[in-house]
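The values are calculated or read from the model by the stated rules, or taken from the named source; none is laboratory data. Nothing here was measured: the structure is a model prediction, and the numbers come from that model. Glycine gets a Cβ as well: all are built from the backbone with ideal geometry, and neighbour counts include every protein chain shown.
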Amino acid sequence: MTRFRNWLVTVTALLLGAALVTATQAQPPGARGPGMAARLGSFLGLLGQEKVQQELKLSTDQVAKVKEIGEKMRAEMRDQFTGLRDIQDQQQRRAKMAELTKQGDEKARAALRDVLAQEQWTRLYQIRLQVRGPVYGLNNRYLAERLKLTPEQKEKAAAIEKATDDKMYDASSGLRDLSEEQRREKGAEIMQQLRKIRSDADEQAVGLLTAEQKESLEKMKGTKFEL
C-alpha cells in the first residue's frame, strides 16, 4: 500500500467534512455513499460496504463480526494516527502513515481469516483488485508474479505509481489549512482533479502490459463490480 493512498483517505474525509479516518475504517463519519477507504481497497473498508456484503453473501453473524473487528481495529489505531500530527516533516509523516496503514490492513486480514469462507475471500480479492485499479494493482507482489511482469515493467509501474502519488498529493495539498466552508467549495473541483489523475495513471499502467497479460488481468478481476 502506498503512502498516497493513506493521505487520500485523510483528504477525502476532510472533503466530506468528516474527522480524520484510517484506512481500516469502513466509512468516514458523516459521509454518504461508499467510503474512500473502501474505494482504496482496504479489507475492512470493503467489507463495511453493504453492496460488498451482499455480493459476498455475508450472513448476519459475519456482518456483526466484521463490524466488531472494525471497531476494535479503529480503537487500537486511533491514537497512533493522531500522533502523526506531531511529525513535522511531510515525507516522514506520509511514510509513517503508510507503515501504520499497512500494519492495519495486515492485522485486519489476520482477524478476518476465520470469518470468511474461501469463496468469499476469492471474490473479495477480485473486488479489491477492481477497486485499486492497475496503477496500484501492478505493484502488488502477488499480482506481479501472476502476470509474470518483467523487471522493466515492474520498474515502470513503480515510477507511474510514484508520479501519481506526487500529482495527487500536490492537487490535494493545503486542504488542512482551509475552513470547512472552503473545503466544501473546493471539494468537488479537487475530487474531479484526483479522478482525472487516477484515470490517466490507470491507462498508463495498462499500457505497460502485453495483450496476454491484459487478458490475464481481466480474468483475475472476475465479474465486474461497482461500488
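Computed quantities for the displayed model
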{"quantity": "Whichever residue in segment 199-214 is part of a helix (DSSP H, G or I) and in contact with a helix residue (DSSP H, G or I) (Cβ under 7 Å, 6 or more places away or on another chain) and, among such residues, is surrounded by the most Cβ atoms within 10 Å (Cβ to Cβ)", "calculated": "ALA205"}
{"quantity": "Qualifying residue in segment 182-204 (condition: in contact with a Pro (Cβ under 7 Å, 6 or more places away or on another chain) and at pLDDT 90 or above)", "calculated": "yes"}
{"quantity": "Residue among GLU106, GLU145, GLU155 that alone is among the acidic types (Asp, Glu), at pLDDT 85 or above, under 23 Å from GLU68 (Cβ atoms) and surrounded by fewer than 19 Cβ atoms within 10 Å (Cβ to Cβ)", "calculated": "GLU106"}
{"quantity": "Condition met for MET191 (in contact (Cβ under 8 Å) with a residue 12 or more places away in the chain, assigned to a helix (DSSP H, G or I), farther than 23 Å from GLN213 by Cα and in contact with a Phe, Trp or Tyr (Cβ under 9 Å, 6 or more places away or on another chain))", "calculated": "no"}
{"quantity": "Filter result for the condition that a residue is at pLDDT 90 or above, closer than 27 Å to VAL135 by Cβ and of a type in the set (S, T, N, Q), over GLN91, GLN27, GLN53", "calculated": "GLN53"}
{"quantity": "Tally, over segment 83-112, of residues that are more than 19 Å from the chain's Cα centre (by Cα), assigned to a helix (DSSP H, G or I) and charged (D, E, K, R)", "calculated": "2"}
{"quantity": "Segment 41-82, residues that are under 16 Å from ARG113 (Cβ atoms) and outside any helix (DSSP H, G or I)", "calculated": "SER42, LEU58"}
{"quantity": "Criterion (touching an Asp or Glu at 6+ places or on another chain (Cβ under 7 Å) and under 30 Å from LYS57 (Cα atoms)) met by exactly one of VAL131, VAL115, VAL135", "calculated": "VAL135"}
